[in-house]
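Have a look at the structure below before the remarks.
Read the figures in this text as sums done on the coordinates, not as results from a lab. Just so it is clear, the structure is predicted and the values come from calculations on it, not from any experiment. Cβ: placed from backbone, ideal geometry, glycine included. Neighbour counts: every protein chain shown.
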Amino acid sequence: MFIDSHCHLDRIDLAPYANDFNVFVGAARAAGVEHMLCIAIDMESYPAMLAQTAPYPDISLSVGVHPNVSDGREPTLDELLELAANAKVIAIGETGLDYFHSQGDLEWQFQRFRNHIAVAKQLHKPLIIHTRDAGQDALDVLQAEGADTVGGVIHCFTEDWAYAQRAIDLNFYVSFSGIVTFKNAEAIKDVARRIPADRFLIETDSPYLAPVPYRGKPNYPIYVRHVAEHIAELRGSSVEAVAAQSSENFYRLFGLDAGRRNLAA
């Protein structure tokens, strides 16, 4: 059984599933996807995402505003705290820094990041971290704001081993996406080989970044198996062992009890 630790279920194309979200969830379960963490990126789409996923105990949520969102509504700290207090919400984010899509004076991005960290610390819920061309600055902010007290995950990891070590020292996990299956991703493959067994997760980032052999096509949570298979090959392990270990790590990080693990709950 696999866990997709990062996906955007409100953005996937449901056409292969008869345009029916319930059919999609059933297919994911049948393919061995035990749990999915659906990640928020803005305030505008969050209510519909919450409503769509509410009937499914094997789908958890994050709440937050992505660092690239510059034209949406900025939530207040009190609003984030209220939304994140929902029992279905197990994480804050995705949040972080992105210098690739955003340039100029980015104090607004830093302040948003700090606000998310403050909410995570107050509710003691882990952070979902996005970084692009801003990796060291993101870790500096996490360290300065005391984010190690809640930890979290560097999602869609694209850095090197030295970066992974510093993230781990800050009480963060590393999550591998379909990028680890790409031929030119040698630094990421090296991290996948070396990372301690109790510090990695797997994800799809659906509908983006589909793994080989679906690269360039829409991504779905069922493809998380391909990420696990590639990591197993890199680590000289079995896909069953990678699935079990990454699932154990997920439940530990997000503090889900046995009831939340059970699809029939």
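Other residues within the sphere of radius under 13 Å centred on the Cβ of Leu106, judged by their own Cβ, net out at -2 (K and R +1, D and E -1).
In this simple spin-label model, placing a label point 7 Å from the Cα along the Cα-to-Cβ direction at both Ser70 and His101 gives a separation of 1.1 nm. Beta-bridge orientation, the chain: approximately 0 percent antiparallel, per DSSP, counting only bridges with both partners inside.
Computed over neighbours whose Cβ is under 13 Å from that of Val212, the net charge equals +3, Lys and Arg +1, Asp and Glu -1. Taking a straight line from the alpha carbon of Lys183, these lysines sit under 30 Å away, with near neighbours fewer than eight places off in the same chain left out: Lys217. Electrostatic tally near Ala187: other residues with Cβ closer than 13 Å to its Cβ, Lys and Arg +1, Asp and Glu -1, net 0.
Per the helix-only calculation at 222 nm, which mean residue ellipticity applies to the chain, given -39500 (n - 2.57) for every DSSP H run of n ≥ 4 and division by its residues, nearest 500 deg cm²/dmol? Mind showing how you got there, number by number?
Numbers: 10 runs with 103 residues, N = 265.
Using -39500 (n - 2.57) per qualifying helix, the result is -11500 deg cm²/dmol.
Given points 7 Å out from each Cα along the Cα-Cβ axis, report the Leu14 to Tyr214 separation in nanometres with one decimal. Those two pseudo-labels are separated by 1.7 nm.
Gap in Å between the Cα centre of the stretch 1-73 and the Cα centre of the stretch 149-217? Spelled out, the Cα-based centre of one part sits 20 Å from the other. Reachable aspartates and glutamates from Lys121, Cα under 16 Å, same-chain residues fewer than 8 places away excluded? Leaving aside aspartates and glutamates fewer than 8 places away in the same chain, those within reach of Lys121 are Asp78, Glu79, Glu82, Glu94, Glu145, Asp148. Placing dummy labels 7 Å off each Cα toward the beta-carbon, the span from Arg252 to Ala30 is 3.4 nm.
Using a cutoff of 8 angstrom between alpha carbon atoms and counting only pairs six or more residues apart, the relative contact order for the stretch 163-265 works out to 24 percent.
Prolate is the label for the stretch 6-97. Its Cα gyration tensor axes, ordered a ≥ b ≥ c, give a/c of at least 1.5 and a/b above b/c.
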